[in-house]
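Please read the structure below before turning to the comments.
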Amino acid sequence: MVTVQKFIYPTTLGEALEALSAGRGKARAIAGGTSLVFHRGRSTEAYVDITRLGIDRVESLEGRIEVGACARLGALAQGHDLLVPGLRALPEAAACAGSTAVRNAVTLGGSVAGYKRWSDPPIALLALDASVHLEGPDPRDVPLADLFSAHPLSKLAAGELITAVLLEPPGPRTGSAFVKLRRTAVDYALASAAAQVVLDEQGRVADLSLTLGAVRPLPTDATDLAGELLGAEPTEDLLAQVAERIAQEVEPGQDMRASKGYLARVAGVVAEDALATAAARAREEESDA
Amino acid sequence: MPDGAPATIEVDIIINGKAQTFRVDPAEVALDTLRDAGLASVKRGCDEGDCGSCSILVDGQLMRACLLYTGQLHGREITTVEGLGTARQPHPIQRAFVEAGAVQCGYCTPGMVLATSALLDSCPSPTDEQIRQGLDGNLCRCTGYVKIVDAVRQAAAELRSGRDRSGGDR
Amino acid sequence: MSKSKLWNVVGTSVHKVDGAALAAGAPLFVDDELPRDLLFAAVKWSPHAHARITSMDTSRAEAMDGVHVVLTYKNVPRVMRTTAGQGHPEPSPYDFTTLDSKVRHVGDRVAAVAAETPALARAAVEAIEVEYELLEPVLEIRSALEKGAPVIHDELDAAMPIVAPYEPGRNLAAHVAVAVGDPPAALSKAHQRVTAEYECHYAQHCPMEPHIAVAAPDGYGRLIIRTSTQVPFHVRRIVAQACQIPVRDIRVIKPRIGGGFGAKQEVLIEDLVALLALRSGRPVKLEYTRAEEFTSARTRHPAVVTVDLGLSAEGDVEGMDMKVLLNTGAYGSHALTVGCNCGSKVLPLYKCDHVGFALDSVYTNLPVGGAYRGYGATQAAFAMECAMDEAAAKLGMDPVELRQRNTIGPGDSSPIFKALGEGTEGVEQAIGSCGLAECIARGAQAMDWSAKRQRRDEGRLRRGVGMCTLMQGSSIPEVDLGAASIKLNEDGSFNLLVGATDLGTGSDTVMAQIAAEVLGVTPDRILVLSSDTDVTPFDVGAYASSTTYLSGMAAKKAAAGARRQILEVAARLLDVPAGDLSLAEGMVKGGPRPLSLADVALSSLYAEHQHQVQSVASHVTQKSPPPFSAHFAEVEVDTATGMVRVLKYVAAVDCGTAINPLLAEGQVEGAVLNGIGYALTEEYLFDRRGKMRNPTFKHYKVLCTADLPELVTILVPSYEATGPFGAKSVSEIGINGPLPAINNAIFHATGARLRRSPFTPERVLAALE
């Protein structure tokens, strides 16, 4: 059995990438470590601690917002740069992922690379149409949606590292929200939804995106299921119709905690709530402007 | 590695202000290292990051010793309640926990005290809502949390007045 | 005169005697001080719910370097016994042996090893090869008694150590049927009838410190067991029985323990560490993982409770019948007594001459039931208090009014007290102290009951309020024994040695306060030691809400004995009659000159009439005075998701004199929040083969600070003449309220009545439709 034999503590991105590539697939990046700690020794010989590279800041660069992959969820939950209505889903998702101590450890990049069915932040990121920046042999930006067509980790080549999450600054009249149904304050979602809604000047939905979390092994893009909102005012009745449609069409995976019928139904409810809140925030944003 | 002879790594950690070097199996978890080092306050409750009994402060941030490889602590500063105060000379937070009736079996208490310390560090005048959020990962089965929230409120007041007396460092 | 003036120390919230050390993280628990040369134990668990072991090969495990002992059913004594930490003879079936050739639930014992490291012990367990003949399991409580159901205890040597019905051949672990008056007649002629069935579920105590024990042979050939237990003396007796060694060869030490709630009223792992230490000659530690705590410790017995009520048009309860089907799981630990308590701690609450009670405790191939705070009252109060709510609705009465009309009061008795005890007949008693009426009135006021009861929401979020009334007991009358000894030291301090077991409740502090009150000193002069079977007097242990009421009385008597001796010495020294003297503020008062307790001690130890001032006392009680309580819950139901949120919860409790009000409140608050979690989120999820699927806090949801509703505790004073300074119990009663109070509140909010707990969003949504 291969077991972990060393820890490496690079202080620059270059050193980190070198250590990862020198590991020939058996070196693994570790940040918060909360998911890796349970997979001791599995085909990993070296851990490359990437928390000392200075990639934990939120910055506005060249017309986009760059969130360092090692930004901790706890910091993002209070991240003032992200508290605009159009991006609000992200701090909201970060704030309800695990408990305080877990949020102090888990990084945004880690929540993507170490995605599990119940991870909250990726759901928000998908609804916000985020990309990630990959460093390695072939540095590039990849839309998160592409990364999530299977488990993100399977999309990363050996020696590749997520160094940042990239967000488009929201335009006017844009609101977003993340809503999570959970049994207790610190719990995995039974169902979650993130939505971003753009309204036109008449208060009609000009654009939207909707992602469902937890109900299936991978995040579910439900934007099309909310399509009837486009061009319309997001009234209660219309939102209820969207909820109904989602409940009809989403096909939840097995979950020991609840029946598929229940999960489908509440997926509709959280989607409705997320859309309603996002739309309300979009209106707010307009009145603020 | 020949014949599975276990590798060890050297990890330098400053624990409660004192620099220490540990030689550990790279797969060792901080909870084991710290308990082996005699830090009895770091309790084993679930080994899965869910109960908070093994809470420690890492560079001032509340974390779980069971969710960290010891290797991740290299170069970091750790605080445990042993570093805050003793039974005879308690830290104001520890004193508040005793006075408010927030200690029952006491197994969760060191973690609760550290969670309180981290909370009050970043938020010296928390609302009840902030207190409940700040301690949300530390389970207690004895108290029903009412007296724990009282203790945090009391500790916050005392720490604030202490700062006022000393001219304030904030 | 206010209570605080009546006594100096009693009724005061002095700081917990061990509080500062615990808050400092001092090494006070079993795992904090380990002997040298320690071996680590691991247990191989059954992956099957019901199977016979057809072959077991331990050779690979035994050959591993560093593995010292491998125990299987082939090499340990077969002694049929119970794991229930109860008095001798235990009222639980002897259906358990250390290791058996049959496994009866997923997580049952198969083998145990001791090895040099925890990892090696786990590896050795893996290396044991076992073949099973799979047997059909019983996984449904209602099918356990069906004709032709698989027999779980088909061994010939399972037996009941007391005279009580026991039929393992049809999976019946206990059976009781009693009736007073003529319940069928009273029920059939009643104006209003309510028949209701309620089912409650598995739960685990979840002490933050899992079970842990270390056994170490000492140089004299005795075995020293340090263990996290509520029952050190029962541990000593039952380990002796299991290992077939004399009681005198065992010493049990209970250091600080990280919560119990009944989980540690079970001799669960001490037999294994004892045998492993005896075989290896080395100290051995066994510590449960959190997953093992769920699958291989003890649980709350699930129950199906049917209540039949007959009421007059005015709302007088005229007949009551309760039928309990209790699931004891694979072993009958507490199967009889938890079942009896369903009746004896619930039915006497209402004045009624015609009362029936029947219990069937059944074996299933599911986790084993045990003692859990509330102990049957939790299960039965759910059914009874919801049925009363249904009755109120049918009668068009306010539930508060229905309780006020029917609940028992001072001077009243109930025929149930005599009819139903702990597996045998009970003990007749009249209610002495009872503050229930005041609990109801003050609780209703704190909840703003009348106003909130008028509310009717129509939207998605609907609020409602519900209530219930409760009683429990204080120790087991004519069964439980508490004892204490106290001695005076040279500086005027005292060592108070009690067998009563502080499991985190603060009972050491309460004992110190009681002794300090008698001896006229501050509690910090009382050095409490609990418990060490070599050192402290006997006590049955911390269970049955007995410590303050029963052991507290022993401490009070012992202190009174010491006080007498001190006054005798002082009388000689001062040359005045002892009757003129008293103790206060650490001094002997009433004499011609001041005399301190240190003076008394120094004189008696070094000067005249040399002797040790020391006293020992025992206490047994003829009564089990119930504490009473009224609970009020306000909930908000999200009718779109079925999610229930508790907004506010009020618990008003009459525990007699609260020796330490802050600690008493802490007992109520801890019990209530545990009860709310039980009602809403804590649940065992099983697969189709009887395996628990969620043995982790990730999916077995215990409430945290962020879930805490506004929780109001009201201590309603009363004076129980048979208790120390008027005290009775407080620790258990609080956990019984949330199931019915919350269910009744959901009904008020939505009109939907749930008949099965927990009230998960999915169940609530289903009930709404």
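The values are calculated or read from the model by the stated rules, or taken from the named source; none is laboratory data. Just so it is clear, the model here is predicted, and its values are computed rather than measured. Don't worry about glycine lacking a Cβ; one is built from the backbone with ideal geometry, like all the others, and counts go over all protein chains shown. The accessibility values were calculated without ligands, DNA or RNA, using every heavy atom of the protein model including side chains. Shrake-Rupley method; radii C 1.70, N 1.55, O 1.52, S 1.80 Å.
Residues that are over 37 Å from the mean Cα position of the chain (by Cα) and of a type in the set (Asp, Glu) were ranked within segment C:559-590; the one that is farthest from residue C:496 (Cα to Cα) is C:575.
Condition check ((1) assigned by TED's automatic domain parsing to the domain that holds residue C:93; (2) in a helix (DSSP H, G or I); (3) at negative phi; (4) not aliphatic (A, V, I, L, M)) across all residues:
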site	(1), (2), (3), (4)
C:342	no, yes, yes, yes
C:353	no, no, yes, yes
C:356	no, no, yes, yes
C:359	no, no, yes, no
C:382	no, yes, yes, yes
C:404	no, yes, yes, yes
C:418	no, yes, yes, yes
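Across segment A:174-187, the number of residues qualifying as in contact (Cβ under 8 Å) with a residue 12 or more places away in the chain and open to solvent by less than 10 Å² (accessible area, probe 1.4 Å) comes to 4. May I ask you to say which residue of C:52, C:109, C:122, C:60 is touching a residue at least 24 places away in the same chain (Cβ under 8 Å) and within 29 Å of the chain's Cα centre (by Cα)? Unique residue meeting the criteria: C:109. Counting only helices (runs of 4 or more DSSP H) that sit completely within segment C:432-529, zero hold 2 or more residues that are at positive phi.
Can you say whether residue C:235 is in a helix (DSSP H, G or I), surrounded by 23 or more Cβ atoms within 10 Å (Cβ to Cβ) and touching a residue at least 24 places away in the same chain (Cβ under 8 Å), as far as the supplied structure shows? Taking the combined requirement at face value, the residue satisfies it. Of C:398, C:412, C:360, all but one fail to be in contact with a strand residue (DSSP E or B) (Cβ under 6 Å, 6 or more places away or on another chain) and open to solvent by 10 Å² or more (accessible area, probe 1.4 Å); the exception is C:360.
How about segment A:100-117: which of its residues are farther than 10 Å from residue A:32 by Cα, touching a residue at least 40 places away in the same chain (Cβ under 8 Å), open to solvent by 20 Å² or more (accessible area, probe 1.4 Å) and in a helix (DSSP H, G or I)? Passing the criteria: only A:113. Looking only at segment B:123-143, filter to residues that are more than 7 Å from every other protein chain (Cβ to nearest Cβ) and closer than 16 Å to residue B:61 by Cβ; which one of those is surrounded by the fewest Cβ atoms within 10 Å (Cβ to Cβ)? Here the answer is B:123. Does residue A:145 count as buried (at least 22 other Cβ atoms within 10 Å of the Cβ), at pLDDT 95 or above and either of a type outside the set (D, E, K, R) or on the phi > 0 side of the Ramachandran plot (or both)? No: the conditions fail for residue A:145. Once segment B:69-85 is narrowed to residues that are under 14 Å from the mean Cα position of the chain (by Cα) and within 10 Å of another protein chain (Cβ to nearest Cβ), the residue that is farthest from residue B:47 (Cα to Cα) is B:85.
Here residue A:75 passes the criteria (1) more than 23 Å from residue A:153 (Cα to Cα); (2) more than 18 Å from the chain's Cα centre (by Cα) except the one numbered (2).
When the strands (runs of 3 or more DSSP E) confined to segment B:1-98 are screened for residues that are farther than 21 Å from residue B:138 by Cβ, those reaching at least 3 such residues are found at B:9-15, B:18-24.
Residues of segment C:244-303 that are within 14 Å of chain B (Cβ to nearest Cβ), closer than 25 Å to residue C:475 by Cβ and either in contact with a His (Cβ under 8 Å, 6 or more places away or on another chain) or in a loop (DSSP other than H, G, I, E, B) (or both): C:254, C:255, C:257, C:258, C:259, C:260, C:261, C:262, C:263, C:264, C:297, C:300. Criterion applied to A:91, A:85 was being in contact with a Leu (Cβ under 8 Å, 6 or more places away or on another chain), in the same structural domain as residue A:129 (by TED's automatic domain parsing) and not aliphatic (A, V, I, L, M), and the one residue passing it is A:91.
Scan segment A:216-236 and give yes if some residue there is out of contact with any Pro (no Cβ under 6 Å at 6 or more places or on another chain), within 14 Å of another protein chain (Cβ to nearest Cβ), at pLDDT 95 or above and assigned to a helix (DSSP H, G or I), otherwise no. Scanning segment A:216-236, I find at least one residue that is out of contact with any Pro (no Cβ under 6 Å at 6 or more places or on another chain), within 14 Å of another protein chain (Cβ to nearest Cβ), at pLDDT 95 or above and assigned to a helix (DSSP H, G or I), so the answer is yes.
Rundown of residues vs (1) within 14 Å of chain B (Cβ to nearest Cβ); (2) of a type outside the set (D, E, K, R); (3) out of contact with any Asp or Glu (no Cβ under 9 Å at 6 or more places or on another chain); (4) touching a residue at least 12 places away in the same chain (Cβ under 8 Å), yes/no style:
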position	(1), (2), (3), (4)
C:191	no, yes, no, yes
C:204	yes, yes, no, yes
C:219	no, yes, yes, no
C:223	no, yes, no, yes
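Across segment A:188-206, not a single residue is classified as hydrophobic (A, V, I, L, M, F, W, C), open to solvent by 10 Å² or more (accessible area, probe 1.4 Å) and within 14 Å of chain C (Cβ to nearest Cβ). Can you name the residue in segment C:570-609 that is in contact with a strand residue (DSSP E or B) (Cβ under 9 Å, 6 or more places away or on another chain) and β-branched (Val, Ile, Thr) and is also farthest from residue C:519 (Cα to Cα) among such residues? Within segment C:570-609, the match that is farthest from residue C:519 (Cα to Cα) is C:600. Taking residue C:173 and the conditions (1) assigned to a strand (DSSP E or B); (2) within 18 Å of residue C:361 (Cα to Cα); (3) open to solvent by 40 Å² or more (accessible area, probe 1.4 Å), which numbered condition does it fall short on, given that it satisfies the others? Residue C:173 satisfies all of (1) assigned to a strand (DSSP E or B); (2) within 18 Å of residue C:361 (Cα to Cα); (3) open to solvent by 40 Å² or more (accessible area, probe 1.4 Å) except (3).
Residue selection: residue C:597 satisfies the criterion of being crowded, with 18+ Cβ neighbours inside 10 Å, closer than 24 Å to residue C:7 by Cβ and either at pLDDT 95 or above or of a type in the set (S, T, N, Q) (or both). Residues that are under 16 Å from residue A:30 (Cα atoms) and within 7 Å of another protein chain (Cβ to nearest Cβ) do not occur anywhere in segment B:47-62. With the condition kept exactly as written, say whether any residue in segment C:26-49 is within 14 Å of chain B (Cβ to nearest Cβ) and surrounded by 24 or more Cβ atoms within 10 Å (Cβ to Cβ). Within segment C:26-49, one or more residues are within 14 Å of chain B (Cβ to nearest Cβ) and surrounded by 24 or more Cβ atoms within 10 Å (Cβ to Cβ). Scanning segment A:248-268 for residues that are over 22 Å from the mean Cα position of the chain (by Cα), more than 11 Å from every other protein chain (Cβ to nearest Cβ) and closer than 20 Å to residue A:194 by Cβ returns a single hit, A:249.
When the test is whether a residue is in a helix (DSSP H, G or I), in contact with a helix residue (DSSP H, G or I) (Cβ under 6 Å, 6 or more places away or on another chain) and in the same structural domain as residue C:374 (by TED's automatic domain parsing), residue C:720 does not pass it.
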